[in-house]
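Below is one structure. I have some questions about it.
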Amino acid sequence: MIDESPTCSASPRGPHEWCEEVFAEVLAEASGAAGGVTPRRAAVLVAAVHRALSRPVQDLTLGGRASPAPAEIVAEEVS
């Protein structure tokens, strides 16, 4: 489904960037640092890890691996 989606194929970073924006807003609100650099930095770091881990899971899933195997494989590689 993801592989055949014109939206996801055109801009695979789009959903990740959207999550990063939302996470930065939530962190800023929760910490009282609205407009600050720290919530943005934290969101960027978390989003980078998420992006790095989600791509291998997506590739394994599109390659025919059934859930939860892709997540388990990536978790094992990371640890």
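The values are calculated or read from the model by the stated rules, or taken from the named source; none is laboratory data. Since we're looking at a predicted model, the values are computed, not measured. Cβ: placed from backbone, ideal geometry, glycine included. Neighbour counts: every protein chain shown. We work out accessible area using only protein heavy atoms, side chains counted, and drop any ligands, DNA or RNA first. Shrake-Rupley method; radii C 1.70, N 1.55, O 1.52, S 1.80 Å.
May I ask you to list the residues in segment 33-45 that are assigned to a helix (DSSP H, G or I) and either open to solvent by less than 80 Å² (accessible area, probe 1.4 Å) or among the hydroxyl-bearing types (Ser, Thr, Tyr) (or both)?
The answer is THR38, PRO39, ALA42, ALA43, VAL44.
Right, here's the next one. It is to be established whether one or more residues within segment 16-32 are at pLDDT 80 or above, open to solvent by 90 Å² or more (accessible area, probe 1.4 Å) and of a type in the set (Ser, Thr, Tyr).
no
I'd like the full set of residues that are open to solvent by less than 80 Å² (accessible area, probe 1.4 Å) and either among the hydroxyl-bearing types (Ser, Thr, Tyr) or in contact with a His (Cβ under 9 Å, 6 or more places away or on another chain) (or both), limited to segment 51-68.
ARG51, SER54, THR61 - these are the residues of segment 51-68 that are open to solvent by less than 80 Å² (accessible area, probe 1.4 Å) and either among the hydroxyl-bearing types (Ser, Thr, Tyr) or in contact with a His (Cβ under 9 Å, 6 or more places away or on another chain) (or both).
Right, next: Could you identify the single residue in LEU62, LEU53 that is at pLDDT below 85 and in contact with an Asp or Glu (Cβ under 6 Å, 6 or more places away or on another chain)? Walk me through how you get there before you give the answer.
Values: LEU53 fails: in contact with an Asp or Glu (Cβ under 6 Å, 6 or more places away or on another chain).
Only one candidate qualifies: LEU62.
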